[in-house]
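Accompanying notes for the structure given below.
The values are calculated or read from the model by the stated rules, or taken from the named source; none is laboratory data. Note that the structure is predicted; figures quoted are calculated from it, not measured. Counting neighbours? That spans all protein chains shown, and the Cβs are built from the backbone with ideal geometry, glycine included. These area figures cover heavy atoms from the full protein model, side chains too; ligands, DNA and RNA do not enter into them. Shrake-Rupley method; radii C 1.70, N 1.55, O 1.52, S 1.80 Å.
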Amino acid sequence: MLKIDGLSKHYSTVKAVDDVSLEIPTGQMVGIIGRSGAGKSTLLRLINRLADPTGGALSCDGVDVTALTGRDLRQWRSRCAMIFQQFNLVNRLDVITNVLIGRVGHRPTLSTLVKKFTVAERALAIQALHRLDMDVQALQRAETLSGGQQQRVAIARALMQEPQILLADEPIASLDPRNATRVMEALQTINREDGITVMVNLHHLDTAQEYCDRIIGMAAGRVVFDGQAKDLTASLAREIYGQESEDAGIAELPDIPVSAPIPKPAAAVAVAGA
Amino acid sequence: MSGIVVSAPPISSGDAVADFERNRLALIRARRSKEILFAFLFAAMFVFSVIVGEVNIATLVEGVPGFFNYISDTIPPIRADSVVADVREWYWAFPKWLMLLFDTVVIAFLGTFIGTVGALVFCFAGSRNLVSSGWVYFIARRLTEIARAVPELVYAMIFVFAFGLGPLPGVLAIAVHSAGALGKLFAEVNENVDMGTVEGVRASGGNWFQIIRLAVIPQVLPNYLSYALLRFEINVRSAAVIGFVGAGGVGQELMFVIRQFVYTDVSALVLMIIVTVSLIDMSCEKLRHRFIPEQQTA
Ligand SMILES: Nc1ncnc2c1ncn2[C@@H]1O[C@H](COP(=O)(O)OP(=O)(O)OP(=O)(O)O)[C@@H](O)[C@H]1O
Ligand SMILES: [Mg+2]
């Protein structure tokens, strides 16, 4: 269980994350929604400790994550894999090496510096790629892949870390609808089959509703909604999204909570099928 | 072209065009005045330099015949009926000179190689985006600055004084200067890497060395190679010149024949140096383009 207690990250004038407290049970699939600048990315970066909090505490299974340094910190990052909107692969390296980079936390430094990995690790990498239907491209350079393929390689790299938690920062924001669906389905499978906690930042409400057990809404660095998709009302959604309500696709929400999932707008379905 | 008829409202479109033209004119005027200012500044600096540098047109004109006389004095007579014999006489010490030229190229090569290794040691610490400690960055940057601020010729003089005549001081002089020059260039390449890639490896739990090796080096290696080759081209010329102060190679011999007024030897050596430097320049350029093909299209 991940326990976030009063976590804050203040930049000189901006409260990017402001006094956030959450408990994330192991194995949950959590969607974080909010408008641009709400603090979604910062929250994930704080959890992975790519950014240091200015206040509050963060612990996982009783271990104080905020206090970790050096080797322990890197071990934590390796247990808490992250995937990014821009994929962040090493373009000039081939796919398999990119996936094997997920092992950096598990291997002695020297062997990774000469890119030496064991046969077992290579097998693990190919299996991870196979799960994501990317094993055929294993020897191709990462930069030659499409965006959707690159994101699946990034997920395979994350899997190689054998993480407890998978953090995904707008993983589908640069993808077309079909690739977006594949990536979201992959995340869901990983969550269900491997029991890995998944926290995913999403811009669109429909996506969060479709795939996530729990939705956290953020606005101006604070958590303004925490519950299931069906509990989200149109007025709350409007508060979360503000000016961006329309392109987040919440115009169709009723003003009272509904128990049935909201049907996708017809236009989105048509594009997804294309 | 049938079906859709687009008819823009004439008044607003007229306004937009007029507005645009007005803005464009203002922009051109603003640019023009800036250009005039720069031209004026340049002219002022030019005049100032000529005065301070004591550039005297009369002296320049007087010197021109002397310059051409020197060149024609160094070229031996080559007669049509005895070309081979004349050239053979001109290049009477060809094997020895070839060896000296080879020495010069080797000095340049070793100097560039050692300098590149030195640059690699400093460039990561001297990249703002790769070190968190301001002190490490500051020291690395200042060290490379000192290394490249002093010309090779000065280093060569110091090292000849310390280690005696020969190629060793030449190699060291080139190595130190190149480490500084390449260290700065490499660091600048490093500062332009895609930080997303760096973050990707860091987020996987990679330490500093793993980040450098797996995220940075794959991105920068072609640029490093290109810069090192360019440096080698420059260093072949430098290696010929630093021989003048006794740091080995063909330069040492050239200095000797100039001092002894062995005119034809001077032209023979200079010609050999020119041909060698051009050949190396051309082949390095070809190689460099192969390393960075995308720069040709960009
Ligand atoms: N390094 C930084 N320095 C200063 N301010 C920052 C920094 N990183 C983020 N911020 C600010 O913190 C706030 C939250 O940013 P964050 O990137 O977490 O938002 P987000 O919800 O991920 O937005 P988006 O949907 O656009 O990605 C923003 O106002 C942003 O300008
Ligand atoms: Mg973000």
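A quick yes/no check of all residues on (1) within 21 Å of A:I155 (Cα to Cα); (2) at pLDDT 90 or above; (3) within 16 Å of the chain's Cα centre (by Cα):
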residue	(1), (2), (3)
A:I47	yes, yes, yes
A:A57	no, yes, no
A:S78	yes, yes, yes
A:A81	yes, yes, yes
A:F84	yes, yes, yes
A:D94	yes, yes, no
A:L100	yes, yes, no
A:T109	no, no, no
A:F117	yes, no, no
Restricting attention to the range A:10-25, and to residues there that are within 16 Å of ligand 2 (Cβ to nearest atom) and under 19 Å from the mean Cα position of the chain (by Cα), which single residue is nearest to A:G56 (Cα to Cα)?
A:V20
A:Q151 being of a type in the set (S, T, N, Q), assigned to a helix (DSSP H, G or I) and at pLDDT 90 or above:
yes
Taking interchain pairs and intrachain pairs at least six residues apart, which have beta carbon atoms under 9 angstrom, with the first residue in the range B:248-266 and among the acidic types (D, E) and the second assigned to a loop (DSSP other than H, G, I, E, B) and open to solvent by less than 30 Å² (accessible area, probe 1.4 Å)?
B:E253/B:A93; B:D265/B:A93
Being more than 16 Å from ligand 1 (Cβ to nearest atom), surrounded by 15 or more Cβ atoms within 10 Å (Cβ to Cβ) and modelled with pLDDT under 90 narrows A:G70, A:G105 down to just A:G105
Return the pair list, or none, for Cβ contacts closer than 9 Å from residues in the range A:41-66 that are more than 14 Å from chain B (Cβ to nearest Cβ) to residues that are within 13 Å of ligand 1 (Cβ to nearest atom) and of a type in the set (S, T, Y), at least 6 apart or on different chains.
A:P53/A:S8; A:T54/A:S8; A:T54/A:Y11; A:G55/A:S8; A:G56/A:S8
In the range A:20-48, how many are surrounded by fewer than 19 Cβ atoms within 10 Å (Cβ to Cβ) and within 6 Å of ligand 1 (Cβ to nearest atom)?
2
Across (1) of a type in the set (V, I, T); (2) within 11 Å of chain B (Cβ to nearest Cβ); (3) more than 16 Å from ligand 1 (Cβ to nearest atom); (4) touching a strand residue (DSSP E or B) at 6+ places or on another chain (Cβ under 7 Å), A:I83 clears everything bar (3)
Within the range A:3-14, does at least one residue satisfy the condition of being assigned to a helix (DSSP H, G or I) and aromatic (F, W, Y)?
no
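Residues checked against (1) more than 12 Å from ligand 1 (Cβ to nearest atom); (2) without any contact (Cβ under 8 Å) to a residue 60 or more places away in the chain; (3) closer than 14 Å to A:L43 by Cα; (4) away from chain B (no Cβ under 14 Å):
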site	(1), (2), (3), (4)
A:D169	no, no, yes, no
A:I172	yes, yes, no, yes
A:P177	yes, no, no, yes
A:R182	yes, yes, no, yes
A:E210	yes, yes, no, yes
A:R222	no, no, yes, yes
Against the condition small (G, A, S) and within 14 Å of chain A (Cβ to nearest Cβ), how does B:A203 come out, does it pass?
yes
Would you check which residues across the range B:206-235 are at the interface with another protein chain (Cβ under 7 Å from one of its Cβ atoms) and either basic (K, R) or closer than 17 Å to A:L100 by Cα (or both) and list them?
B:G206, B:N207, B:F209, B:Q210, B:R213, B:L214, B:A215, B:P218
Output the residues belonging to the range B:2-35 that are at pLDDT 70 or above and of a type in the set (V, I, T).
B:V17, B:I28
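Pick from A:A142, A:A154, A:A138, A:A128: which is within 17 Å of the chain's Cα centre (by Cα), open to solvent by less than 30 Å² (accessible area, probe 1.4 Å) and among the hydrophobic types (A, V, I, L, M, F, W, C)?
Going through A:A142, A:A154, A:A138, A:A128 in turn, just one is within 17 Å of the chain's Cα centre (by Cα), open to solvent by less than 30 Å² (accessible area, probe 1.4 Å) and among the hydrophobic types (A, V, I, L, M, F, W, C): A:A154.
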Identify, by number, the condition in (1) surrounded by 15 or more Cβ atoms within 10 Å (Cβ to Cβ); (2) away from ligand 1 (no atom under 16 Å from the Cβ); (3) away from chain B (no Cβ under 14 Å); (4) among the hydroxyl-bearing types (S, T, Y) that A:S78 doesn't meet.
(3)
